[in-house]
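This report concerns only the one structure given below.
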Amino acid sequence: MLRLSKKTWLALEAVVDVAINARPDPVQSKEITKRQGIPQRYLEQVMQQLVHAGILKGVRGPRGGYTLARERRRIPVGEVVRVVGAMEASDEPTATAPSELGERVIAPLWQEVQRELMAKLDNITIEDMCRKAEEVGVGTSKPTADFII
């Protein structure tokens with residue numbers, strides 16, 4: 001079964017949380033930890049990866065924290081997934097050298113499935129995730145107006 005790694009799951013939660021709550025002030029990681037139940041030690045590592053990748057922007061200072069580096073409609077979920085290490089397969093075979101069948105039949109099939117999945121994730125934006133959160137009543141009721149110039 002293909003599943004999101006814990007790190008990827010936490011990264012998506014954190015980015016959507018920042019997208020929902022970062023107006024007008026940056027979101028502090030301790031706020032994300034409290035709202036989402038994400039362990040602080042994991043969160044900081046993930047947040048730094050997202051900053052280095054240009055998904056989040058770190059704001060220093062006593063009222064610092066994180067904001068989105070771009071408009072949420074311009075951040076595909078697939079990009080977040082790629083940044084933090086993508087997916088992991090559960091129940092992966094433990095053999096160190098795959099057989100010819102594995103290399104020539106199973107691996108190409110698996111690669112195609114992953115390409116299709118990533119293409120689908122690339123068509124879903126953080127904006128879409130925020131809308132879904134609003135629909136199901138998850139997150140904060142802060143205003144979500146975007147001022148685009």
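Taking the number of other C-beta atoms within 10 Å as the exposure measure, put 2, 10 in order starting with the fewest.
Exposure proxy ranking, most exposed first: 2, 10.
Mind checking which lysines have their C-alpha under 25 Å from residue 34, skipping anything on the same chain fewer than 8 residues away?
Cross-link targets: 6, 7, 57, 132, 142.
Sorted by packing (mean other beta-carbon atoms within 10 Å per residue), highest first, where do 121-130, 12-21, 98-107 land?
12-21, 121-130, 98-107
Roughly how large, in nm² to one decimal, is the mean projection of the convex hull of the alpha-carbon atoms in region 1-86? Before the final figure, lay out each step's value.
Numbers: hull surface 22.1 nm².
Hull-based average projected area comes out at 5.5 nm².
Convex hull volume of the Cα atoms in the chain, per residue, in Å³? Show your work: numbers first, answer last.
Details: hull volume 20.9 nm³, N = 149.
Taking the convex hull of the Cα positions in the chain, it is 140 Å³ per residue.
Bear in mind these aren't lab numbers, they're just calculated from the coordinates by the rules spelled out. What you see is a predicted model, and the numbers here were worked out from it, not measured in a lab. Cβ: placed from backbone, ideal geometry, glycine included. Neighbour counts: every protein chain shown.
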